[in-house]
Amino acid sequence: ETPMFVIENDDFIHSFVTSISSVLKLKSEAALPLLSIKFEEIMLYLSHKYGNAFVNYIQSLASAARNSSFRKIVEANIYSNLSVPEIAFLANMSLSTFKRHFANEYHENPGKWFQQKRLLQAKKSLDKGEKKPSELFAEFGYTNLSNFSTAFKKEFGYSPKSTKSSVA
């Protein structure tokens, strides 16, 4: 759900928009500092006019941006061979904070979630006959073929050697 905040037009807002239009027409180096001052001006005005409702709205935007950044980092590393602590590092979080945040976002333990996603991707690769289990276990974060085979069999009920790639 996209957060929304309605700002009612008044004399101050009207004057502000007119002054911003004038600043935007400037082609000088003074335009950027003026825009910065104008931004501060409107933020102070809106926080004074609407109080905590406006401040909470701005905080919700910042929180949504953090969540979006967190999701991008997680989803960019689904199929990498990085460990959960390494992904937590990329997200600039302690391991415990990462796990807590992950559980809130995905409603699952990160280790289990990553393992399921990676095993499913490995299964797809094996089903297509692209690679043999011995050629891809390390791509999905396993240190040896035995661990990969055990996890694969536990997840899917058969060994990775039983896929199309073993027939080829």
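The values are calculated or read from the model by the stated rules, or taken from the named source; none is laboratory data. Predicted model, so just to flag it, every value in this text is computed and none were measured. Note: ideal-geometry Cβ built from the backbone for every residue, glycine included; neighbour counts use all protein chains shown. Only protein heavy atoms, including side chains, enter the accessible area calculation; ligands, DNA and RNA are left aside. Shrake-Rupley method; radii C 1.70, N 1.55, O 1.52, S 1.80 Å.
Angle between the Cα long axis of helix 145-156 and the longest principal axis of the chain, 0 to 90 degrees, nearest 10?
Approximately 80 degrees, to the nearest 10.
Count of lysine pairs in the stretch 90-136 with Cα atoms under 19 Å apart, counting only pairs 8 or more residues apart in sequence or on different chains?
Final tally of qualifying lysine pairs is 10.
Residues of the chain: accessible area per residue at 1.4 Å, in Å²?
Roughly 67 Å² per residue, with all protein chains present.
Using only DSSP helix segments of four residues or longer, with each worth -39500 (n - 2.57), what per-residue ellipticity at 222 nm results for the chain after dividing by its residue count and rounding to 500?
-22000 deg cm²/dmol
May I ask you to list the lysines whose Cα is less than 22 Å away from that of Lys25, ignoring any residue fewer than eight positions away on the same chain?
In chain and number order, the partners are Lys38.
Which value, in debye to the nearest 20, gives the size of the charge dipole of the chain about its Cα centre, when Lys and Arg are +1 and Asp and Glu are -1 at the Cβ?
Dipole of the chain, to the nearest 20 debye: 1120 debye.
Over the chain, with a Gaussian network built from C-alpha contacts below 10 Å, which listed residue (Ser28, Ser134, Ser80) shows the highest mean-square fluctuation?
Ser28
For the chain, build the charge dipole from Cβ charges (+1 Lys, Arg; -1 Asp, Glu) around the Cα centre, then report which of Gln115, Ala53, Ser134 sits farthest towards its positive end.
The listed residue farthest towards the positive side: Ser134.
Taking the alpha-carbon centroid of each part, what is the distance from the stretch 71-96 to the stretch 1-37 in angstrom?
Result: 39 Å between the Cα centres.
Could you tell me the relative contact order of the stretch 24-168? Use alpha-carbon pairs under 8 Å, at least six residues apart, and round to a whole percent.
Here the relative contact order equals 18 percent.
For P(r) over Cα pairs in 5 Å bins from 0, in percent, pick the label among (i) 1, 8, 17, 20, 21, 16, 10, 4, 1, 0, 0; (ii) 1, 8, 17, 19, 17, 13, 10, 7, 4, 2, 1, 0, 0; (iii) 1, 7, 12, 12, 10, 9, 9, 7, 7, 6, 5, 6, 5, 3, 0, 0 that corresponds to the value derived from the coordinates.
(iii)
Among Met43, Leu90, Ser68, which residue has its Cα positioned farthest towards the positive end of the charge dipole of the stretch 1-107, with +1 placed on the Cβ of Lys and Arg, -1 on the Cβ of Asp and Glu, and the dipole taken about the Cα centre?
Leu90
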